[in-house]
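Report on the structure given below.
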Amino acid sequence: MALENGEWIMHGLDWDDPDRIKTPDELIAYIDKVGFLPLFANGIKGFSAEEHVSDLYWWSGIEEEDPWEWRAIIARSRKVAYGKFFGRKAGFISWDWFPAFANYRRDGYDFDALWDDELAGRREKKVMDIFLEHDELFSFEIKEKCGFGSGGEKNFEGTISELQMQGYLVVKDLRRRKRKKDGREYGWAISVYTPPEKLVGYDAVAKGYAEEPEASFERIVSQIHKSFPGNDENAIRKFMKK
């Protein structure tokens, strides 16, 4: 997605391109193949969902064709991780690669250990403590329970984004909180968060701690460079360090 002459332009494949990803299941299979995939184009050629789908139906609301709707379907499937993992912007990570990602971004720390070593902020601690009592929470529920808002804690969006960037939270679903009398949902879809350990288990995430964080980073860079050849490796390193 790029701003050209004051207009946002999506860059995707032609509708008839045989390589075009056509369904959420096809996108999940592609994420599993490459390991990491931001939602939008980012300067690393090919390294986004945007560049592998059609540009015709974004934000159309047509669930079968709209990649913006697909992100909710994919998050809900729990088959890959979804969240703000790349420069505080949305993307996907296969569960096979998530332990390496979490190990690198967490610097080998569980959140409790991070807090004990005084490397986590008070706001982040409040948020993570809430999930000791809840398996999932809407973003507005986290905000209310942790005292963010007028006269309370500041920078809610930044706090939630940072916890996703570190691999401590993922988006489990996007749901509309309002229902019509006939039961149909309406309104904006709102993110539902959870720690990844509650989706795939502690051991599945913590197995990344077996290697040094920098070793995890080197494997991540190698995987992305292999999956998207022709890109500058230093650009990949810079992008993944954000």
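The values are calculated or read from the model by the stated rules, or taken from the named source; none is laboratory data. Please read these numbers as outputs of a predicted model, since none were measured by experiment. No Cβ is skipped: glycine too gets one built from the backbone with ideal geometry, and neighbour counts run over all protein chains shown. For the accessible areas, the whole protein counts, side chains as well, though only heavy atoms, and no ligand, DNA or RNA atoms are used. Shrake-Rupley method; radii C 1.70, N 1.55, O 1.52, S 1.80 Å.
Protein heavy-atom surface of region 116-242, 1.4 angstrom probe: 46% of the accessible area is carbon and sulfur, with nucleic acids and ligands not counted.
Any lysines with Cα under 26 Å of the K238 Cα? List them, leaving off those in the same chain fewer than 8 positions away. Filter leaves K33, K45, K84, K89, K207, K226.
Magnitude of the charge dipole for the chain, about its Cα centre and with charges confined to Cβ atoms of Lys, Arg (+1) and Asp, Glu (-1), is about 740 debye.
For K198, the shell of other residues with beta-carbons less than 10 Å away shows a net charge of -2, using +1 for Lys and Arg and -1 for Asp and Glu.
Ranking N103, A72, H52 by Cα position along the charge dipole of region 31-111, where only Lys, Arg, Asp and Glu carry charges on their C-beta atoms, puts N103 farthest toward the positive end. For region 15-25, the Karplus equation 6.51 cos²θ - 1.76 cosθ + 1.60, evaluated at θ = phi - 60°, returns couplings of 4, 8, 5, x, 8, 5, 6, 10, 9, x, 5 Hz by residue, with Gly and Pro reported as x. Here is the size of region 125-242 from its Cα atoms: Rg then Dmax, 18.2, 54 Å. All other residues whose Cβ lies under 10 angstrom from that of N155 are scored, Lys and Arg at +1 and Asp and Glu at -1, for a net of -1.
Over all other residues within a Cβ to Cβ distance under 9 Å of P213, the charged ones net out to -2, with Lys and Arg as +1 and Asp and Glu as -1. As a length-normalised measure over Cα pairs under 8 Å and 6 or more apart, the relative contact order of the chain settles at 20 percent. The Kirkwood hydrodynamic radius of region 45-100, based on inverse pair distances between different Cα atoms, is 12.2 Å.
Rounded to the nearest 20 debye, the dipole size of region 105-238 about its Cα centre is 1120 debye, using +1 on the Cβ of Lys and Arg and -1 on the Cβ of Asp and Glu. Per the Debye calculation on region 1-72 with a single equal scatterer at every Cα and no solvent contribution, log₁₀ I(q)/I(0) for q = 0.15 Å⁻¹ amounts to -0.46. Dividing the helix sum by the residues of the chain, where each DSSP H run of 4 or more adds -39500 (n - 2.57), gives a mean residue ellipticity at 222 nm of -11000 deg cm²/dmol. With both residues required to sit in the chain, DSSP beta bridges show an antiparallel share near 90%.
Per residue, the convex hull spanned by the Cα atoms of region 189-230 measures out at 125 cubic angstrom. Expressed as a fraction of 2.2 N^0.38 Å, the C-alpha radius of gyration for region 79-131 is 1.24. With Rh defined as the Kirkwood radius, the inverse of the mean 1/r over Cα pairs, the Rg/Rh of the chain is 0.97.
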